[in-house]
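The values are calculated or read from the model by the stated rules, or taken from the named source; none is laboratory data. Bear in mind that the values here come from a model prediction, so they are computed numbers and not experimental data. Cβ: placed from backbone, ideal geometry, glycine included. Neighbour counts: every protein chain shown.
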Amino acid sequence: MTLVRLALVVLHDAHGRVLVQLREPDKPCGGMWGLVGGHIDPGETPEDAARREVREETGLEVQPVAMLEIFERVIRDAEGAAEYHYVLIDYICRITGGTLRAADDASRVLWVPRSELSTYQLTTGTLPVIQKGFDKKKDLVLSGGQ
């Protein structure tokens, strides 16, 4: 079964911080820090799912500004069979409202300074996509797109 999941890079913090969430222990990658995101409901656009998932997990309202990348991640069980198969669509989003609070699949949400990200137990692939997000945000700002 392929689960479609989108992860969101929210970079509109004036202090150079990125929003991360601590996954609930009973969820995939439970107990690890990662980007805010979730599944795309049938008939829902990825952008609408991004807005909904951020609202459900953090209380924030966002507007997707740019798609960052699409990639696959397959998590295998002890016998090597595919246990989870994700297609991840990463977006850079701008915060448009709301109040930050942990909810839904997130037990905690934090703004983390870029320089401190390596001190968190991040899910596989999270740090490189955050770096790519910072690079893309810089390009967007320089071109006047954000």
Note to self: I'm told Arg52 meets every condition in (1) over 22 Å from Pro113 (Cβ atoms); (2) not in a helix (DSSP H, G or I) except one. Can you identify the failing condition by its number?
What the structure shows: (2)
Check: Since Val112 meets every condition but one in (1) modelled with pLDDT of 90 or more; (2) surrounded by fewer than 16 Cβ atoms within 10 Å (Cβ to Cβ); (3) not in a helix (DSSP H, G or I), which condition does it not meet?
Finding: (2)
Next item on the list: Output the qualifying pairs, or none if there are none: Cβ atoms under 7 angstrom, residues six or more apart or on different chains, first residue in region 72-88 and part of a strand (DSSP E or B), second residue of a type in the set (Ser, Thr, Tyr) and loosely packed, with under 12 Cβ neighbours inside 10 Å.
Entry: His85/Thr2; Val87/Thr2
Check: Only one of (1) of a type in the set (D, E, K, R); (2) modelled with pLDDT of 90 or more; (3) out of contact with any strand residue (DSSP E or B) (no Cβ under 6 Å at 6 or more places or on another chain) fails for Glu47. Which number is that?
Finding: (3)
Check: Hey, among the residues in region 105-119 that are touching a helix residue (DSSP H, G or I) at 6+ places or on another chain (Cβ under 9 Å) and not hydrophobic (A, V, I, L, M, F, W, C), which one's farthest from Ala14 (Cα to Cα)?
Finding: Asp105
Note to self: Checking the conditions here, which among Glu61, Glu24, Glu72 is in contact with a strand residue (DSSP E or B) (Cβ under 6 Å, 6 or more places away or on another chain) and crowded, with 16+ Cβ neighbours inside 10 Å?
What the structure shows: Glu24
Note to self: List the residue pairs whose Cβ atoms are under 8 Å apart, where the first residue sits in region 22-34 and is at pLDDT below 75, the second is crowded, with 16+ Cβ neighbours inside 10 Å, and the two are 6 or more positions apart or on different chains.
What the structure shows: Lys27/Asp105; Cys29/Arg23; Cys29/Thr123; Gly30/Arg23; Gly30/Glu24
